[in-house]
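Down below is the structure, laid out as structure tokens.
Nothing in this text is a laboratory measurement; each read-out follows from the coordinates by a stated rule. Everything numeric here is computed off the predicted structure, so don't read it as measured data. Here Cβ is always computed from backbone atoms with ideal geometry, including for glycine, and neighbour counts include all displayed protein chains.
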Amino acid sequence: MNIGDFRTRRKVTGKFYFADIATPAALNDFGNVTLIKQNPKVDRAQMMTAQKGFLQVTHEEPSKIDWRYQVKLDEHSDALLSLLRLASTVSSVTQNSASGASWSISSASPGFCYYVGALGLTAFTMTTYTLGSDYTIDLGSGMLTILATGTIAASTSLSGTLTNPQVKLHTATAFTKTFWRGQAQINTFDQNSLLPRDIVSGAAELIVSDWGEHDGQKWNEVQIELLFTAAPTLQAPELP
């Protein structure tokens, strides 16, 4: 009995890459892919002939095809975060490291929060007032909270010192770009070969179709929709 070649069975995972139209050779790796679904939309034109009291379809052929993929991702890379925020003009800035640097807030009031000017603090002090009684500090975000139950009065000037490491920040302008246009590539893999099972690539547009949800119980999955705007190229390496 011939049961076929097990290597031709498909149980695959994938990698998704996308490059902006301005830099088509510089592909962004969108991280872990949890689902790839080929989802083309096909409109068909019908030919019909008249029968006794009804029309019978005698032929049908595609009149419009848009070649789409649905891809689910759960790694929030810089590229994916920019896409989710409909962002453009992505750039990088650097927070310089500092040791014992001065900070100040000219007018602080109980019950409010204030940014002290740096992220990832490793040390923080405030002159005159007491941590835990008068204020709290989130070292990661650099957010200072003035406690309503403390002794800091309204419109008080505050100061102190802080220490922070160098941090590289990616910045972008949100809500300015509803879709991305460029070059897309999808590689699928299985357990039987180090080579991709197939590679699909070509000019494409990319949009977010489901932002997912953050419920604290599972990884946030995001679904994007990829529309190839020209006939994509398919490469399928021969199995060894």
Among ARG44, ARG197, ARG85, residue whose mean-square fluctuation peaks in a GNM of the chain (springs only between Cα atoms under 10 Å) = ARG44
Relative contact order for the chain using alpha-carbon pairs under 8 Å, separation at least 6, rounded to a whole percent?
-> 22 percent
Largest fluctuation, MET126, MET48, MET143 only, Gaussian network model of the chain with Cα springs under 10 angstrom, belongs to MET48
Among the chymotrypsin sites (Phe, Trp or Tyr not before Pro) in region 127-199, which ones are in a DSSP loop with at most 15 other Cβ atoms within 10 Å of the Cβ? Mind listing them?
-> PHE175, PHE179
Could you name the aspartates and glutamates in cross-link range of LYS41, using Cα to Cα under 13 Å and dropping any fewer than eight places away on the same chain?
-> ASP66, GLU225
Round to the nearest 0.05 the FRET efficiency obtained for LEU194 and LEU55 when R0 = 51 Å and r is the Cβ-Cβ distance.
-> 0.40
Inverting the mean 1/r over all pairs of different Cα atoms, compute the Kirkwood radius of region 78-127 and quote it in Å.
-> 14.5 Å
Using only the alpha-carbon atoms of the chain, report the extent along each of the three principal axes, biggest first, to the nearest angstrom.
-> 93, 54, 39
Near HIS76, within a Cβ-to-Cβ distance under 12 Å, what is the net charge of the other residues, with Lys and Arg +1 and Asp and Glu -1?
-> -3
Per-residue ³J(HN,Hα) for region 17-27, Karplus 6.51 cos²θ - 1.76 cosθ + 1.60, θ = phi - 60°, Hz, x for Gly and Pro = 10, 8, 10, 5, 4, 6, 9, x, 8, 9, 7
Using bins 10 angstrom wide from zero, how does P(r) for region 1-123 break down, in % of all Cα pairs?
-> 8, 18, 18, 19, 16, 9, 5, 4, 2, 0
With springs connecting C-alpha atoms under 10 Å apart, model the chain as a Gaussian network and identify which of THR23, THR173, THR128 has the largest mean-square fluctuation.
-> THR128
Given charges of +1 on the Cβ of Lys and Arg and -1 on the Cβ of Asp and Glu, with all other atoms neutral, how large is the dipole of the chain about its Cα centre, in debye to the nearest 20?
-> 460 debye
Computed Kirkwood radius, in angstrom, where 1/r is averaged over Cα pairs of region 123-240 = 20.4 Å
Residue (of ALA50, GLY140, SER159) at the positive-pole extreme of the chain, dipole from beta-carbon charges = ALA50
Karplus-derived 3J(HN,Hα), 6.51/-1.76/1.60, for each residue of region 105-111, Hz, glycine and proline x | 10, 6, 8, 10, 9, x, x
Prolate/oblate/rounded label for region 66-200 (Cα gyration tensor, a/c 1.5) = prolate
Given H placed 1.01 Å from N in the peptide plane, which residues other than close sequence neighbours of GLY142 have an amide H under 5 Å from its amide H?
-> GLY120, LEU121
